[in-house]
Amino acid sequence: MSIMTTSSIKPIRRSGHTWEIPRQGDMRVPAVFFATAELVEAMDDKVFEQAANVATLPGIVRASFAMPDAHWGYGFPIGGVAAFDPEQGGVISMGGVGFDISCGVRTLLTGVTADDILAYQKKLADALMRHIPAGLGSTGAITLDPVEMDAMLAGGARWAVARGWGEAADLERTEERGCMADARSDFVSAKAKERQKREMGTLGSGNHYLEVQRVAEVFEPDAANAFGLRVGDAVVTIHCGSRGLGHQIGTEALRDMVASADRYGIRVPDRELACAPVDSEAGARYLGAMRAAINCALANRQIITQLTREVFASVLPNARLDLLYDVSHNTCKVEKHEIDGRRRRLYVHRKGATRAFGPGHPDLPEALRATGQPVLIGGTMGTASYVLHGTAEGMDKAFGSACHGAGRALSRRAAGKRWSGRRIVDELAAEGILVRSHSSRGIAEEAPGAYKDVAAVVDAADAAGLTRKVARLKPLICIKG
Amino acid sequence: MQRQRDPDDRGWEHFEHGADVGIRGFGPTLDTAFEQAALALVATVTDPDSVRPTVAVHLTCEAPNLDILLVDWLNILLYEMATRHMLFGAFSVRIRGNRLDATAHGEPVDLARHDPTVEVKGATFTALRVTDEDGRWIAQCVVDV
């Protein structure tokens, strides 16, 4: 499958938490890993091979990066970051974005405490489970006709707010101000639109969830204050993506790019790295469709936000759900970065990696600009999630990028064999965490023990300087997709 | 549901791929290997034996080669199951050249009876292989879940 023979190559330590596979063979740049020795040791050799393979792609700038939670993906490692310069033949790759385009996380403040929640915990869990469509085959109450579908694909969360799902203030706290520019709904296939027309406002399945969480610990009081997080507060975190539309666009793009890489004379070491020059017709078509899928994900999380507010209004009328921030971790975005003293316009792919802009970045809303971008890291339903912030150092080191989650330690298959969904629900209930799901097998496959230690991943990102820890969140309620 | 095999050595199994699932169908003919790969795909979601064949759906696809034909076949199934809100549990496949004609049998999703786990996002080119090994056909790839 691969023409590289780097599978036996391990990265070597360059400094404390920075590791490197030096440029060799067809690699145009080195592959750089941010991790502890323990995390590097635990990584599959395939991660090293995939990061080295990404380094062979045309127009790649500085390095092929891998975040502390990197694991074996498709073409790109999950946790992979790579930027391409169109002036140097740079490419866009579906493998650098993934099938769940713009999958991401948003966290809402609630204005109430975890103690306030506890009095209504069961009622709230049941109401959220009833009101928010989740799991395989779930459909929302919304059906989009062709005109509204195009409006949604062009407008993203801005479209959703205009239709009454949310507030204008939500848009300030969403990447791209809630609307990805240059989205092309006309580049989205009829099949992709068909898959989405009844899926707006649905969580999906797999590792997607909605959690009510308690702020268990604050690490940096000033940043936590700027983000509105205090120990004991309750927050809500939503993790989901662009649903069937994004999956269909990804499926079709992979098929197209496998063909177009040959057409453009791009030699890739792995078919999953199929790509097209940014400036080519195939590249433009994918970019336009992918941006429409970003808008679909932003609109989807926005609608779920409004559904969540409706539930809180009926169960805890004192709560006021204000958006802290919304981040996507499967994207390709055009960003300006300073490389060797020159500002360059780059196509930054983040596959299972979160954008983490540092303090002062002009794209951040004013209230967050001095602190840096909130970086939202999903853990497991039994452990913890984290809020971090971006740093100036991370901007220099990895185009302002960070990890995105714990990363699996065990396959779904192995987890499904090892755990019983029902027992996990009972055990977590005994710890004060109420889990609701349509699928007991799905819970077993998502067992907390199937994931790596999220604290180790977050600490590595912190130690590498990519981000700083702001707060740790413990689940109280988990609605599992 | 991890593995099923019958006396004429037709069957399916799952294999490990990091966070996701590899699916493999095998059998005495190319057609049976594709049918079994489809069962392996469904088995990532539910037990194929729990799906009643009350509705038949006819499907066709064509690709430049057999590898891509397998990816297309699995992706058509994912699309049809998603948009029809159905699960399939039995397949009859006929491949001539690089063209596939098939009938998929199934029923609407029943959450209580099927206990579906995950939606499969797409079939990938990872570990993709369609081969004839001394009269035993194998059709496999990794699916993203």
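Here are some notes:
- Ordered by the count of other Cβ atoms within 10 Å of each Cβ, fewest first, A:Y286, A:Y451 give A:Y451, A:Y286.
- Inter-label distance, A:A37 to B:E16: 2.5 nm, where each label sits 7 Å from its Cα along the C-beta direction.
- Between the stretch A:40-102 and the stretch B:28-42, the Cα center-to-center distance that results, in Å: 32 Å
- Residue order for B:H85, B:H17, A:H329, fewest other beta carbons within 10 angstrom first, comes to B:H85, B:H17, A:H329.
- Computed over every Cα-Cα pair of chain A and binned at 20 Å starting from 0, the pair-distance distribution P(r) comes out as 26, 60, 13, 0 percent.
- Highest to lowest packing among A:407-418, B:69-80, scored as the average C-beta count within 10 Å: B:69-80, A:407-418
- Compactness relative to 2.2 N^0.38 Å, alpha carbon Rg of the stretch A:105-205: 1.27
- Rounded tilt (10° steps) of A:243-263 against the dominant C-alpha axis of chain A: 0 degrees
- Note on chain A: antiparallel DSSP beta bridges, both residues inside, total approximately 90 percent of the bridges counted.
- Converting phi to 3J(HN,Hα) with the Karplus coefficients 6.51, -1.76 and 1.60 and the offset θ = phi - 60°, the stretch B:88-100 yields 9, x, 8, 9, 10, 10, 9, 10, 10, x, 10, 10, 10 Hz in sequence order, with x at every glycine or proline.
- Shielding score for B:122-131, defined as the mean number of other chain Cβ atoms within 10 Å: 5
- Note, ³J(HN,Hα) from phi for the stretch A:321-329, Karplus 6.51, -1.76, 1.60, rounded to Hz, x at Gly and Pro: 8, 9, 6, 6, 5, 10, 10, 10, 10
- Helix A:421-430 axis, angle to chain A major axis (alpha carbon atoms, nearest 10°): 60 degrees
- Every helix of 4 or more DSSP H residues in chain A counts as -39500 (n - 2.57), and over all residues that averages to -10500 deg cm²/dmol at 222 nm.
- Distance between the pseudo-spin-label points of B:T131 and A:S189 (7 Å out from Cα toward the beta carbon): 2.9 nm.
- Close amide H partners of A:A83, meaning residues 5 or more places away or on another chain with modelled amide H under 5 Å apart, are A:V61, A:A63, A:H349.
- At q = 0.10, 0.12 Å⁻¹, base-10 log of I(q)/I(0) for the stretch B:3-144 (Debye sum, equal scatterers on each alpha carbon): -0.28, -0.41
- Take each residue of peptide B:11-24, count the partner chain Cβ atoms within 10 Å of its Cβ, and average: the result is 5.
- Inter-chain Cβ neighbour average for residues B:107-120, partner chain, 10 Å: 6
- Computed from the C-beta positions of A:S15 and A:N225 and an R0 of 35 Å, the FRET efficiency is 0.65 to the nearest 0.05.
- Computed 3J(HN,Hα) for the stretch B:55-70, one whole-Hz value per residue from the Karplus formula 6.51 cos²θ - 1.76 cosθ + 1.60 where θ = phi - 60°, is 10, 10, 10, 8, 9, 9, 7, 9, 8, x, 8, 5, 4, 5, 4, 5, glycine and proline marked x.
- Sites A:A313 and B:R84, calculated FRET efficiency, Cβ-Cβ separation with R0 45 Å, nearest 0.05: 0.80
- Axis of helix B:30-43 versus longest Cα principal axis of chain B: the two differ by about 30°, to the nearest ten degrees.
- Hydrodynamic radius (Kirkwood) for the stretch A:121-270, which is based on Cα pairs only, to one decimal in Å: 18.4 Å
FYI, it's all coordinate maths here, none of it is from the lab. Predicted model only: the values in this text are computed from it and were never measured. Positions of Cβ are generated from backbone atoms using ideal geometry, with glycine treated the same way; all protein chains shown enter the neighbour counts.
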